[in-house]
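The values are calculated or read from the model by the stated rules, or taken from the named source; none is laboratory data. Just so it is clear, the structure is predicted and the values come from calculations on it, not from any experiment. In this analysis, Cβ positions are derived from the backbone assuming ideal geometry, glycine residues included, and neighbour counts consider all displayed protein chains.
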Amino acid sequence: MTKNKSKKDIVILNKNTFKLYLDEKKIQKRVLQLANKINREFKGKEPIFICVLNGAFMFFSDLIRQITIDCEVDFLKLSSYGDSKISSGKVTLLKDLNCEVRNRNIVMVEDIVDTGLSMKYMRNLVMQQNPKSFSIATLLLKPDSLKYDIDVDYVGFKISNKFVVGYGLDFAQKARNLRAIYQLKTNGKI
Ligand code: 5GP
């Protein structure tokens, strides 16, 4: 159950306390900045934006609504963390792309790049189909967690290693509906 306290500054999920980290206004402002940059850089290139389900659905829909150039969208689904706060270290493809990637400009849209394993997997998957270009947009990046060589072209916010929820990001499938992003509070500190 989600519990509200003082204007939703705190969210409690399965006895874990999460504290407000990025509010709605801050997120929307940054999403617009990213979209403006993408609009400039992909003008005339008709990119295909690929939403990585489930986590990126909210960022993706907000970002796409700010995209003013001609574009297409498609969806890819990978296995999630399950009920854990730690990556299983395995990636499974649950839903493949439905678009023709060859010779197209691809922009992968992720909620968060943590170790980079999922992005490495998706990059291999897409690159096998010879796109014209491959770019990555992620709302969140945990630079200190990165274990793979991943170049992220558009980063919303660089954050610390702590687990976050909300704005599409889940904890055991909960909290995806929250409009803000909340960070796990550990040992009374955050
Ligand atoms: P990576 O493969 O880069 O280690 O992890 C990417 C995926 O792990 C993300 O798409 C997301 O589903 C999940 N993930 C990584 N860090 C977090 C986090 O702090 N919170 C949540 N809810 N999911 C995360």
Any chance residue 31 is part of a helix (DSSP H, G or I), of a type in the set (Val, Ile, Thr) and either farther than 16 Å from residue 98 by Cα or away from the ligand (no atom under 16 Å from the Cβ) (or both):
yes
So, in the range 156-176, exactly how many residues are within 14 Å of the chain's Cα centre (by Cα) and free of Cβ contacts under 8 Å to residues at least 40 places away in the same chain?
1
Scope the range 127-145; condition closer than 18 Å to residue 56 by Cβ and within 16 Å of the ligand (Cβ to nearest atom); matching residues
136, 137, 138, 139, 140, 141, 142, 145
Working only within the range 103-123, note down all residues that are in a helix (DSSP H, G or I) and either closer than 18 Å to residue 165 by Cβ or in contact with a His (Cβ under 9 Å, 6 or more places away or on another chain) (or both).
118
Looking at the range 156-173 only, could you name the residues that are of a type in the set (Lys, Arg) and either surrounded by 16 or more Cβ atoms within 10 Å (Cβ to Cβ) or within 8 Å of the ligand (Cβ to nearest atom) (or both)?
162
Given (1) more than 13 Å from the ligand (Cβ to nearest atom); (2) within 25 Å of residue 95 (Cα to Cα); (3) among the hydrophobic types (A, V, I, L, M, F, W, C), residue 180 misses just (2)
Confirm whether residue 44 is near the ligand (Cβ under 10 Å from one of its atoms), of a type outside the set (Ser, Thr, Tyr) and not in a strand (DSSP E or B).
no
Among residues of the range 46-73 being surrounded by fewer than 17 Cβ atoms within 10 Å (Cβ to Cβ) and acidic (Asp, Glu), the residue nearest to residue 114 (Cα to Cα) is 72
Assess whether residue 96 counts as being at pLDDT below 95, away from the ligand (no atom under 12 Å from the Cβ) and over 13 Å from the mean Cα position of the chain (by Cα).
no
Residue count for the range 108-126, restricted to those that are more than 9 Å from the ligand (Cβ to nearest atom) and in contact (Cβ under 8 Å) with a residue 12 or more places away in the chain:
6
Across the range 11-30, what is the total count of residues that are touching a residue at least 12 places away in the same chain (Cβ under 8 Å) and closer than 26 Å to residue 172 by Cβ?
13
Let me confirm something: among 153, 149, which residue is more than 13 Å from the ligand (Cβ to nearest atom) and either within 14 Å of the chain's Cα centre (by Cα) or free of Cβ contacts under 8 Å to residues at least 40 places away in the same chain (or both)?
153
